[in-house]
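All remarks here apply to the structure that follows.
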Amino acid sequence: MWLTEGIVVMVTNIVIIAAVVLFLGVYVSWRAGRLDRMHTRLEAAHAALDVTLVRRSSVALELASSGLLDPATSLLLAEAAHEARGGTQSELTRSELTRNELAQSNLSRALRAAFAQPGFRASLTGKDGADEMLAEIEAAAQQVFVARTFYNNAVAGIREARSKPLVRLLRLAGKAGLPEFFEMDDAPAAEGGESAGADMQRLAG
């Protein structure tokens with residue numbers, strides 16, 4: 001009788017241990033799979049951000065060379081767009097990423113400086129292709145804002161997930177580097193106001 005009870009207890013303990021091990025295995029596997037999917041979404045968000053940044057700089061270059069702007073504004077915008085033409089790229093060091101963020105911010109300021117000139121739109125009224133070009137650059141700037149928001153949200157999600165003790169203990173992220181936020185000035189261009197002079201001064205400095 002005692003032996004039978006002992007066997008039952010032992011079998012019960014084995015079943016409990018096996019169930020716990022199985023549960024932990026499933027949980028860890030789910031965690032690893034979730035983290036992998038998050039990294040995949042991050043890559044997609046990064047690619048989308050890169051495309052929108054390259055598109056914005058390309059459209060800005062078109063605007064600078066269109067003859068719609070005065071020579072000084074055209075030169076300022078062309079230089080800023082050329083520096084920002086590389087997009088975000090990938091596998092950048094922190095210093096390289098910082099320089100890239102600065103180049104993208106300078107392009108935003110150059111666009112604001114152009115659009116914020118008093119009577120900017122009125123001066124383009126009736127000029128061939130002006131409305132289409134301005135609509136295109138505004139759309140490109142809006143796409144950058146949306147893409148950067150999605151990308152930074154994806155980065156925040158991964159950084160939070162990777163901060164969990166179990167993820168760190170079991171190194172579920174593997175050798176993947178911790179993603180960095182992409183911080184830039186992407187405030188929209190708007191006609192009129194005092195920002196044109198301030199942005200011009202920043203770019204000149």
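At a glance:
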item	result
Odd one out for Arg94 among (1) exposed (fewer than 14 other Cβ atoms within 10 Å of the Cβ); (2) free of Cβ contacts under 8 Å to residues at least 24 places away in the same chain	(2)
Near pairs, Cβ below 7 angstrom, 6+ apart or cross-chain, from the range 110-128 (among the aliphatic types (A, V, I, L, M)) to any residue that is in a loop (DSSP other than H, G, I, E, B) and modelled with pLDDT of 80 or more	Ala114/Leu69; Leu124/Leu68
Test: Arg168 is surrounded by 13 or more Cβ atoms within 10 Å (Cβ to Cβ) and of a type in the set (Lys, Arg)	no
Single unsatisfied condition, Leu68 versus (1) touching a residue at least 60 places away in the same chain (Cβ under 8 Å); (2) in contact with a Ser or Thr (Cβ under 9 Å, 6 or more places away or on another chain); (3) surrounded by fewer than 16 Cβ atoms within 10 Å (Cβ to Cβ)	(3)
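The values are calculated or read from the model by the stated rules, or taken from the named source; none is laboratory data. No experiment lies behind these values; they were computed from the predicted model shown. Quick reminder, even Gly has a Cβ in these numbers, built from the backbone with ideal geometry, and neighbours come from all protein chains shown.
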